[in-house]
1. When the accessible area of the protein assembly as shown is computed with all protein chains present and a 1.4 Å probe, what percentage of it is carbon and sulfur?
2. First select every other residue whose beta carbon is under 9 angstrom from the beta carbon of residue A:329; then total the charges, Lys and Arg +1, Asp and Glu -1.
3. Hey, got the dipole for region B:324-478? About the Cα centre, +1 on K and R Cβ, -1 on D and E Cβ, debye to the nearest 20?
4. Set the Förster distance to 60 Å, then compute FRET efficiency between residue A:319 and residue A:8 from the Cβ-Cβ distance, nearest 0.05.
5. Please list, or write none, the lysines whose alpha carbon is within less than 16 Å of the alpha carbon of residue A:5, excluding same-chain residues fewer than 8 places away.
6. Nearest 5 is fine: what % of DSSP beta bridges in region A:344-480 come out antiparallel, could you say?
7. Under 15 Å Cα to Cα from residue B:426, which aspartates and glutamates show up? Leave out anything in the same chain fewer than 8 places away.
8. Would you mind getting me the FRET efficiency between residue B:481 and residue B:24? Use the beta-carbon distance for r and R0 = 51 Å, nearest 0.05.
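The values are calculated or read from the model by the stated rules, or taken from the named source; none is laboratory data. Small disclaimer: the values here were computed from a predicted structure and weren't measured. Glycine gets a Cβ as well: all are built from the backbone with ideal geometry, and neighbour counts include every protein chain shown. Keep in mind that these areas ignore ligands, DNA and RNA; they rest on the heavy atoms of the full protein, side chains included. Shrake-Rupley method; radii C 1.70, N 1.55, O 1.52, S 1.80 Å.
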Amino acid sequence: MAERKPIKGITIESTEKLIAETLAEMPEKAQKKRAPHLGANEPSASPCAVKSNKKVVPGIMSQRGCAYAGAKGVVWGPIRDMIHISHGPVGCGVYSWGTRRNLMQGIPGVTSFPMDFTSDFQERDIVYGGDLKLEKLIREADELFPLNKGMSVLSECPVGLIGDDINSTARKMEKELDKLVVPCNCEGFRGVSQSLGHHISNDSIRDHIIGKFKFKEEAGPYDIALIGDYNIGGDVWAAKPILEEIGLTVKSVWTGDGEVEKIGATHSVKLNLIHCYRSMNYMCKVMEEKWNIPWLEYNFFGPTKIEESLRAIGEMFDDKIKKNVEKVIKKYKPEMKSVVDQYKPRLDGKTAMLFVGGLRPRHTIGAYEDLGIQITGAGYEFAHQDDYDRTAPEMAKGTLIYDDVSEFELEKFVEELKPDLVGSGIKEKYVFQKAGIPFRQMHSWDYSGPYHGYEGFKIFARDIDMAINSPTWDLVKSPF
Amino acid sequence: MSAAEAAVKFVTETPEKEITRVKEWINTEEYKEKNFERTALVVNPAHACQPLGAQMVATGFEGALPFIHGSQGCASYFRSTFSRHYREPSAATCDAMTEDGAVFGGQNNLFEGLENAYALYKPTMIPVFTTCMPEVIGDDLNAYIKNAKKKELIPADLPTPYANTPSFNGTHIHGYDAMLRSILQDLTTDKKIEDKGTGKLNIIPGFDGNVGNLREYKRICELMGIPYTMLADVSDVFDSGCDGEYKLYPGGTKIEDAAESINGKATVSMMKYSTLNTMKFINCEYSGAKEVLSMPFGVKKTDEMLLKLSELFGKPIPEQLKKERALAVDAMTDAHQYLHGLKFAVVGDPDYLLGIVSFLLEMGAHPWHVLCSRATKKFKKEMDALLESSPFGEGCTCYINKDLWHMRSLLATDPVAGIIGDTHAKFAARDAKIPLFRIGFPIIDRVNLHRSPVVGYTGAINMLSMIANKFLDIKDETCEDQWFEMMR
Ligand code: SF4
């Protein structure tokens, strides 16, 4: 891949100076801990020098969530036909109820469960343990929601501390109900971020779900699974049709708008296509080892990356699919061109800084670039080394890379680099908007979307243009 | 075939007939009974955990940085919840305890966290509160914070009130109470001067997500010429302007004012249930009169509040407020026909519920299903008495410790015209095909409602307009052509 053109005013030296100045305001110990997580990009460096997946430095105002958030919010919550039990006190379940935008089909409370199921721990549950309560509530849930296809039990902080054994309760109830009851020990204090929650959830899927089901119909040569698309704002519904258009059969989706039995039968597919590498690479690797299923990372943000990805997917199949790929690319070209023609003139030369979970900063770069926007800084809440290694080549030399950035740091960086847009989360949004800087939430698509696929790019382009060019920003500076 | 392979099941499709059956079944009386029988499972609760309430209080003092002792994830949940509701920044920091904290306790995290938070964000006060984790392992906050000061990680004179806010006990309103009590206790220590009152009124708004309400209280005081200090005043923090500069600490109760509050002429709490312990402390320690008022929803409760303030400060009710009262009554008499006789479901925190119910009764509407997802029998008694006080309360029922899935059954089996509550009630409203009037916390799917007061005479007009006009909109949108009219 050709290296990005340098961005005016940004050099390794200028970025390093900015980092040094920012660190200088911290206590020494914090400086030492934070320094390895900030760096000026060296596109050809492998591995990327920025360190990641380390403990949050206490007190710095990190934006990270916890293992439970990674399990319930990310992996489990989108599986629409299961009941997901937030096991522990009331808070976690309430805060994560309906706040991720993983849309799902079905009739709520009948065939789909976009709700908050919790054991609402009280003092006595802490003292005497919650296993019996769990048993009871699983029975109650199955009785009141008989069409559920299984349940997940997601531990919150106290559960692991009081010595409850959700695993044996789950086993017992699975037998009793003859339905999946999957324990997931994702207490919020485990690990350093959402990331461990993903991993623990993947492990529970491996141990309790995958391989337990099979499709009625014969396996076909074009069977694939979509891994790591959570249907935020309807992303799956924009991505799946493209894959079907090139002749593939999407047998299951992990986990956006997902169905648990189909997830459990995924081991019969010919290829796993993975969008969010961070949260689900583990399962792809398991299926590769155990069932010999190859996997491929793809990126459906913006026409350039979509085309690149489609061709790579085509390479995994025969000429028929390859031909279809070219047909599909050709079909959407004019429409994509007209989107770019409409918005690029207004966005060309603008810059943006991104800070999102574990995938989107690098994955959306292409879509921004399709619109003429350059990325001057990027970083992740909970990425690992392999994510940063995949990021470095997508960014221009000297641009800023920040891992688990604190509010203090990000504010300084934005103040200095003055991007035309910041793309990050709800906790950051209003900080920057107060400063008059256009902002889009890049976890939730700011209540818009989908952003995946051809359909998604149209909406993405419109939203980014709307954010940057809204006349409301002109009102910020008062004349008096 | 091996046993393992034999155990592999086919992917199933639920038959349409089954789906239809269950879809109808969940609306039946039989289902309702089953639903009300559950004792372990909670579905769609309408309450949150203690530290959320603590964070609201901690945010309400000028220059204060809320500090969460416990898991990082909780901190992110609280901040996100406030940012979604207010569409504002919600600064708070956390000492991010992890597995080793669970083993060795969280002192080291607290040390490092306090040092960094103070150095980076230069707060005037660091109120500390807890998540589940340190509560379960039994961290000794008092000792830890003292030790942090001894080690000079933060200045010895920096106020660091702390509250234990275990989530497996009470709800967000109790966290509010615990944190407020602790902050006031801390700031007012040694500040009492006998015979030297400030002449001021202390107002405690309680856990109220409506900054318009807070501002309405202040406006009323100003109109009455009563000098006041609002304690835990989040109005300018959770509703700050956009002028091109982000301010980490855009407002809140001044620390000196909070410290001086102990010498006030009177202290009133606008929310009984979220200030029980705070008021206990104030009753013992503060100078002046102490009163717990009912939230001034509707005309009667607003009258009560004004009369009380007038009595406490010997000030007459100003002409302006008399005029506003008349305007509210005018609006209510004009529009009574759109609400009279209609049944409503109401869900929320205890004090909000008492206020909304009082307003509905005033309008001649029936607060048919009143549901609080965590409350005491005392509250239920109070609510029952309120319902009994009016003929419009006849047949109405108050449910405590029930959730929004119970509410769904109530709406399906005993229908009402509309439901009043926070955003979480939208699923129940949709299933029942009735409008949701968003009053409460959080409101995360509409803009600006938190800015428009629902208390006081102004609030009564706002609520009335919101409710009546919605019913008229529905009529216009759904009626057949021959019933579509120019006037309503
Ligand atoms: S772990 Fe406890 S304190 Fe944290 S969000 Fe969950 S219930 Fe609240």
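1. Accessible surface attributable to carbon and sulfur in the protein assembly as shown totals 53 percent.
2. Net of charged neighbours comes to +3.
3. Computed about the Cα centre, the dipole is about 480 debye.
4. After rounding to 0.05, the efficiency reads 0.85.
5. Cα-Cα hits under 16 Å: A:350, A:397.
6. 0
7. Leaving aside aspartates and glutamates fewer than 8 places away in the same chain, those within reach of residue B:426 are A:116, B:403, B:445.
8. That gives a FRET efficiency of 0.95.
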